[in-house]
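Throughout, read-outs are computed from the coordinates displayed, never taken from laboratory work. From a predicted model like this one, the values you see are computed outputs, not experimental measurements. With ideal geometry, Cβ positions are generated from the backbone for all residues, glycine too; neighbour counts draw on all protein chains shown.
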Amino acid sequence: MEEQLTMRGGGTLTLRRDGLRVHMQAERPSDGRGLYKVWLHGDQGGKLLLGTLAPEGGQLRLRRTVSIEALERAGCWPQFWVEAPLAFPFTGMKQGKWYCEQHPDRLVADPILREQLRCSMLCQRDQDGFSLAAPFRPDRPVMLSALICLARVECWEGRPHLIWAFDQNGHPKIPHKPGQTGQTNCQ
C-alpha cells in the first residue's frame, strides 16, 4: 500500500512499505531556482536527510530505500513529516548564471574525467568555455579528483565549492593568475 505526503517547500513524498524497508520517492517541479534537499522530521524531534533532488524528466526526483530500523534510530518512524527546502540557490552565485547540468560528462574531452562525472553538477558557460562546480566537504570524496590541483575554491552561501574551468573543447584550463587556486575562508 502506498502513502503520499505533501512536502513542506513543495512536492510530494510517496512511501511504500516492503517488509522491514520503506521505499520512498520524492518529487517536486523543477523551478530552476537551485538545489533542494529532502529531510524527514520525526514528531519527537528526530531528523534524517534523505538526499538532494536531481533533475529527471522535467521534474526534480529522489528515490531512497531505508530500513525501518534506520528510520527508528533517526527518530523518524513511525510518525514524521517531510520538507524539501531550497538548500543551494543558483541566484546567489557570482560571475553569471549557473545551472544544473545533468550530463557534465558529455562536456569534457578526457575519458578519465568522463568516468568521474557520473552525476549532475553546477555549470556556467562563457565565451571561453565553461566551468563546473561542486560543493566541497572534507569528509566526502571530491568530484573530479584527478583535477583537484586545478580547482579554485569559492564560498557560496557560507559553504566552500570547488570550481574547475574548461576551454570550449572540454579540456581543463590551467590557472595562471595568482589567487585562482587555494583556500577561501567560509564564515
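Structural remarks
- Structure-derived Cα extents along the principal axes in Å: which label, when the choices are (1) 51, 44, 31; (2) 56, 35, 28; (3) 59, 35, 32: (2)
- Size of charge dipole - the chain - debye, nearest 20, with Cβ of Lys, Arg +1 and Asp, Glu -1, no other charges: 200 debye
- Selection from Pro85, Leu5, Ala109 lying farthest towards where the dipole of the stretch 1-129 points positive, charges on Cβ: Pro85
- Look at the dipole of the stretch 26-146 built from charges on Cβ: of Val66, Gln44, Trp98, the Cα furthest out on the positive end belongs to Trp98.
- Residue list for the stretch 47-66, given a label point 7 angstrom along the Cα-to-Cβ vector of Trp81 and an amide N cut-off under 15 Å: 47-48
- Placing a label point 7 Å from the Cα of Asp43 along the Cα-to-Cβ direction, no residue of the stretch 1-29 has its backbone N under 12 Å from that point.
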